[in-house]
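Throughout, read-outs are computed from the coordinates displayed, never taken from laboratory work. Computed from a predicted model, the values in this text were never measured in an experiment. Note that we place each Cβ from the backbone using ideal geometry, even for glycine, and neighbour counts take in every protein chain shown.
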Amino acid sequence: MRSTDRILLTLSAAAMLALCYLVFLYIPLEKTQGYIQKIFYIHVPCAWVGFVAFTVTAIMGGRYLATRDPDHDRWAAASAEIGIVFTTLVLITGPMWARPVWGIWWTWDIRLTSTLVLWLIYLAYLILRQTVAERDRRSVLAAVTGIIGWLGVPIVYLGNRVRASQHPAPVVGGGEDSGLAPIFLATLLVGVFSLTVFYIVLLRARVRGARLEDAIEELQIAEGRDHA
Amino acid sequence: MDTLLSARGLSRRYGRNWALSRVDLEVGAGEVVALLGANGAGKSTLLNLLSTLHRPTEGTLEIFGLDARHHHTRIRARLGYVAHATLLDDGLTARENLRYYAALFGLTKVDRLVDERLEEVGLSRRAHDRVAGFSRGMRQRLSLARALLHDPELLILDEPFTGLDAAGCRDLAARLEEEKSKGRAIVLATHQLERVLSWSDRALLLHRGRKVQESGADRYDAAGWAVHLAEVAEERT
Amino acid sequence: MSAFLSVTRAVFRRDLSAEWRQKDVLTTVIMFGLLTVVTFVFAFDPARHAREEIVPGCLWTAYLFAGMLGLGRSAARDGQDGGTVGLLLSPADRGAVYVGKFLSHAVFMLAGEAVVLLFTIVWFDLDGRHLTAPFFLILLLGTLGFVAVGTVFAVVSQKSRLREVMLPVLMLPILAPMVMAAVEGTAIVLTPGSNEGLGEWLKLLAGFDLVFAVAGFLLYGFVLEE
Amino acid sequence: MPDHFWWVFAVYGVVWVAIILYLARLSARQAEAERQLEILRSERNGA
């Protein structure tokens, strides 16, 4: 298992190096925002992984409800924990983009606002997991919250789009219509590939960790039971 | 006598401590089993598992031949549970309470059924009075009527005699004996063994979540068991 | 089908009778609704702000927080008076129970909101011109969305250590689009002139209600059972 | 260096540092858990 992770890690690192080469040395400057626009190729992949991670949480939650297999719950929890890390990075890189271009740290545009709400939904999910002690109950409540939370994300995006059409705000990452020239798109995909593979590595490591922690707890409890 | 309920290695854990550990139990159709043990011995925990209210942490439980983990809804339709709490709404009258549960259980010809059950537990005269004004004994009887509304094959009671005066206990014991004569299986937890002695088939002793003693199907007498209980209790402390 | 309806009706009627006796959900919703509106009046002096700027935000913030506290009370009561255990013991369809609870919560919310609205009309000098049909349609759709999500999370929050505190944490992020649509929609309706752009928000609200009513219907059983 | 280069590089740096530190923490936690499991298992078998 160690070897698969090592392969995935090198793949992700290689893609990241390719991304750096493309972003810093190869692709031409984007006409309107110039150099700062290069943040796009790490900002958007983070947002993408943030959303994919929450989708995995919702799917694994659903599978837990169907099978009650604790391992599904571990995947759901692990993915949420990694997802919030990436979503936090989006909320850091977003303002770092807006600052030089518009002189403001935060803009209530479509994507940043949607990411903030996703981040709050993640937080609610993780706080809920911290405040329910009994494992089976925690898994069920988290699964339901994960599914309902996930259903909310596209609606949040739709809501923001309607709001943006009525209160235009500077849009991080260019508006919908800023069609990406092929080279830009390719660079973006390299970034997405790199971070998605890294996400998989993190996910596998986190799930292994959770399995070990559960095994330890089982042993400690069995210990207690024998001496009762 | 085919088995109605069979539990294998039933355990339940709350946080780190085991409220119930590896209990086996068989209950045949129409059989009456008394569950004995001090407070905190795991009686209520076991009954919560048998009534499918809670899921066991370990072990298997089959009721009416159905696995309790997956078919709890179908099991509950054929099982009655009189818990510590009466589960009655003080603001509603006796009749309204039973009509509410009849609706939940999807029963038909509700009025006739409710009148019958109220008659059986001797509460017909109080059908239209609000439960708030009922005595502990009357609430217990109404709770019994609630649990018997859907004519369950298995009746589970958790300390039904607590809080009742001598007359109330005798009355309840008589009613339960009558239910047994109708072929209804009963599992009840109690401290007062002597009340159920004459009509219960078997007794089972729990101590610190484990089954420590089970009397066989042969006759046993309350005095013998009472002495026995005392010894076991002393040994353990 | 009739078993389904009889369960829904039984759950609905029991909630109403329990509320009729204690009235603690209604009092909570009305009290906190009015307190929030008054706080808004002190925070944004109505004289200096146009009505359509303050009233939508004020009204919906009042409804949100008062509603969440009301839901917390309702879920706590179900836990205490054995209501939930009684339901669990029965083979009643969990979806039917959800519909019953959904309707009773909707009734409590709408009743509380009506009282708060009356005071808001007086305090902000709203008159007939403002309270048009779309205004009440937004009120209804927003409340139904709130209740669809709230009915599920009221039970979830009761099972967390934080209890009522968990309710806003769980609900507010997910309710964001509903609040956005309700507030923006109400602002459009209160602004004299055409209700241009209102349709978008109504569609969003209706979609929100549908998605979460169906999700609640399917998931409520899992949460109740646990 | 083009203007804003260091700012953009800093953004990329933030992301890399964050995810690499997180991976390191996960691996450390996992190693710690493995060690603890070993101790517990040996105790149970040995005892």
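Here is a yes/no grid of residues against (1) loosely packed, with under 14 Cβ neighbours inside 10 Å; (2) part of a helix (DSSP H, G or I); (3) within 14 Å of chain B (Cβ to nearest Cβ):
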{"site": "C:PHE4", "(1), (2), (3)": "no, yes, yes"}
{"site": "C:PHE12", "(1), (2), (3)": "no, yes, yes"}
{"site": "C:ASP15", "(1), (2), (3)": "no, yes, yes"}
{"site": "C:GLU19", "(1), (2), (3)": "no, yes, yes"}
{"site": "C:LEU26", "(1), (2), (3)": "no, yes, no"}
{"site": "C:LEU34", "(1), (2), (3)": "no, yes, no"}
{"site": "C:ALA47", "(1), (2), (3)": "yes, no, no"}
Next item on the list: Would you mind finding the one in B:LEU98, B:LEU104, B:LEU53 that is closer than 23 Å to C:ALA3 by Cβ, within 12 Å of chain C (Cβ to nearest Cβ), crowded, with 24+ Cβ neighbours inside 10 Å and without any contact (Cβ under 8 Å) to a residue 40 or more places away in the chain?
Entry: B:LEU104
Checklist line | Set C:LEU175, C:LEU190: member being buried (at least 19 other Cβ atoms within 10 Å of the Cβ) and within 10 Å of chain A (Cβ to nearest Cβ) | finding: C:LEU175
Note to self: Give all pairs with beta carbons closer than 7 Å in which a residue from region C:122-144 that is closer than 10 Å to C:THR186 by Cα meets a residue that is among the polar types (S, T, N, Q); count only pairs at least 6 apart in sequence or on separate chains.
What the structure shows: C:PRO134/C:ASN195; C:PHE135/C:THR186; C:ILE138/C:THR186
Note to self: Looking at B:ARG69, B:ARG74 in this structure, which one is surrounded by fewer than 21 Cβ atoms within 10 Å (Cβ to Cβ), touching a strand residue (DSSP E or B) at 6+ places or on another chain (Cβ under 9 Å), within 13 Å of chain C (Cβ to nearest Cβ) and part of a helix (DSSP H, G or I)?
What the structure shows: B:ARG74
Next item on the list: Please specify each residue of region B:85-123 satisfying the condition of being acidic (Asp, Glu) and not in a helix (DSSP H, G or I).
Entry: B:ASP89, B:ASP90
Notebook entry, point to check: Of all the helices (runs of 4 or more DSSP H) wholly in region A:64-170, which have at least 1 residues that are within 11 Å of chain C (Cβ to nearest Cβ)?
Noted result: A:110-130, A:135-166
Check: If you go through region C:85-124 one residue at a time, how many are acidic (Asp, Glu), assigned to a helix (DSSP H, G or I) and either touching a Lys or Arg at 6+ places or on another chain (Cβ under 7 Å) or within 14 Å of another protein chain (Cβ to nearest Cβ) (or both)?
Finding: 0
